[in-house]
Structures are given as C-alpha cells and as structure tokens.
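This report concerns only the one structure given below.
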C-alpha cells in the first residue's frame, strides 16, 4: 500500500489522474475502511467496494481538501462539504433548518464515531442501512462529484447502484451535498436491536410541505429494506394533492410494503422488516404531515 495526503482539491484530482491506471482507495474519516483493513480485508470485501486489491493499492487521504463546511446560498439552499463530520453538522446553527437530518445524525453510531465520520464518507460507503441517507433523500439532496473535466450533480437516490456501490466515476471525488431550500416539516425514524449505537433493522424519513392538512408535496425514503436506500415515489403520489388523514396514512404504510425487497440477515428476517416498514412509514408520514 502507498499512502498519499494531497493538500488541496486540485492536487487530489491531479493525483487521481496520475494514478488512474492503478487501484485507489479514497479515505475520509476512515470509520468504515480502517476497521475492515485491520481485521480481515480478504473476507470483508472492502477492496471490491473501493476498487482496490488487498496487496497493491493507493490510499488517498482527503482530509486536507478544505471540504468541511455548512453554508447556505442566496436561494436558501444548504451546502454541506463532503468532509464535514456528523458532529460538526449537528453543532452548526445553519443545519437547524434541516431538523430531519439532525434527527437522523443523532441516531448514527455513538459520539466518538460522529466526531470522525464524515457525511461524504457515510454517503459513499453506500450502506443500505445508513441512517443519514433516507433523511438526505427526503430533503431532495443532490450529490456533487468533481473531476478534472468539471462537476457532475446527481440526485442522491440515483447515486447508489447496489450494496456498497455507487456511480462515482474514476477520477472523481464527492465534494459536496446540496439540499434545496427546505420547506415544511420532516420526521426520521429508526428501529434497531438496541435504543442507541445500533445498526438499523429499518429506518426511514419523510419531508412534507403542507397547507393545513393538505399535502402539497412529500418525499419519503427508507433504508435497510432493499439493496440500496429507497425513495418511495409511489407512496408519495398516494399522498400528494390530498387531505392527509390517519386512514390515508395507514393505506400508504400498507402499500409501502409492496415497494421494498428486504432480506434475511443477523438483524432481522425479511418478513419482520416488512412489518417494521409499515410502522416506520406510518410514523414518518404522520410526523411530517400531522
């Protein structure tokens, strides 16, 4: 392994171009990669995820690129640098405009992990059970990838292609997440085997723009119930343009089960996840709409 620590974004992109024919691993907070590397990389599969081999790869540390910030622009959109830690987002008053994300981040791991883990690293880890992702999708977040040819902006729900897999292109770095001007109210919900510091059996979030009980628009996303975090667009359409009642929410929660494809694993069976999805969708929709 060779280790590199570029001092700015331009240097990092130059380095990726120079090493384009080699295997490269991008390191942010390291809360996912480092434990896997220390334990048993040959069994963990991390090198497949990051397109690197066990014996011959480059580790490129991104922490010096100046990508730790939370700002808002004149249009009210929020910009979060990819290297911003979860704790820094939670502490930033600008992020008070997106309480659904803050709620999700408070449920993510423990304080020591949140102090190091970055929003970009958590995104590119592409875990189907990541707590931050449903909240970001519900907020309509956009991922900004930067390469030598320029920038590419992608709706976050389109970034994930499978467990641990994204559509990042060779030579690119995720540099920023953009959250359009928040409207309405949001709600995040997580169910795990413990009340804290646990991986989600099912998680979910919703963000709704309401006029009284009338739903103008809503975005709903769930995690740990498919190969990727999942936006529930069909369920959104059941609610938009209607007066939201408890009965309608029950119908939406029931219909959500038809949109997921959970698996059996150590945290829960597929059948259990279907039951829990009903509960999570009901709670996040009610929290956002009522």
| Which residue out of 246, 172 is closer than 13 Å to residue 285 by Cβ and at pLDDT 95 or above? | 246
| query | Quick one: would you say residue 104 is on the phi > 0 side of the Ramachandran plot and in contact (Cβ under 8 Å) with a residue 12 or more places away in the chain? | reply | no
| query | Identify, please: which residue in segment 72-92 is assigned to a helix (DSSP H, G or I) and touching a strand residue (DSSP E or B) at 6+ places or on another chain (Cβ under 9 Å) and is, among those, surrounded by the most Cβ atoms within 10 Å (Cβ to Cβ)? | reply | 86
| Hey, residue 174 in contact with a strand residue (DSSP E or B) (Cβ under 9 Å, 6 or more places away or on another chain), assigned by TED's automatic domain parsing to the domain that holds residue 273, in contact (Cβ under 8 Å) with a residue 40 or more places away in the chain and within 19 Å of residue 132 (Cβ to Cβ) or not | no
| said: Restricting to segment 125-137, and then to whatever is assigned to a helix (DSSP H, G or I) and modelled with pLDDT of 95 or more, can you tell me which residue is surrounded by the most Cβ atoms within 10 Å (Cβ to Cβ)? | reply: 134
| Within the set of pairs 6+ apart or on separate chains, which have a first residue in segment 110-125 that is under 21 Å from residue 144 (Cα atoms), a second that is assigned to a helix (DSSP H, G or I), and C-beta atoms under 6 Å apart? | 117/86; 122/132
| note | Condition set in contact with a helix residue (DSSP H, G or I) (Cβ under 8 Å, 6 or more places away or on another chain) and outside any strand (DSSP E or B), scope segment 187-227, selection surrounded by the most Cβ atoms within 10 Å (Cβ to Cβ): answer is 224
| field | Residue list for segment 144-158, filter: touching a helix residue (DSSP H, G or I) at 6+ places or on another chain (Cβ under 7 Å) and more than 22 Å from residue 15 (Cα to Cα) | value | 156, 157
| For segment 138-152, does any single residue satisfy the condition of being in a helix (DSSP H, G or I), buried (at least 17 other Cβ atoms within 10 Å of the Cβ) and within 14 Å of the chain's Cα centre (by Cα)? | yes
| request: Give the residue that is farthest from residue 214 (Cα to Cα), with candidates limited to residues of segment 235-249 that are in a helix (DSSP H, G or I) and within 27 Å of the chain's Cα centre (by Cα). | output: 235
| note | Here the residues within segment 250-262 that are surrounded by 15 or more Cβ atoms within 10 Å (Cβ to Cβ) and part of a loop (DSSP other than H, G, I, E, B) are 260, 262
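The values are calculated or read from the model by the stated rules, or taken from the named source; none is laboratory data. As the structure is a prediction and not an experimental result, all values here were calculated from the model. Here the Cβ is made from the backbone with ideal geometry for all residues, glycine too, and neighbour counts use every protein chain on show.
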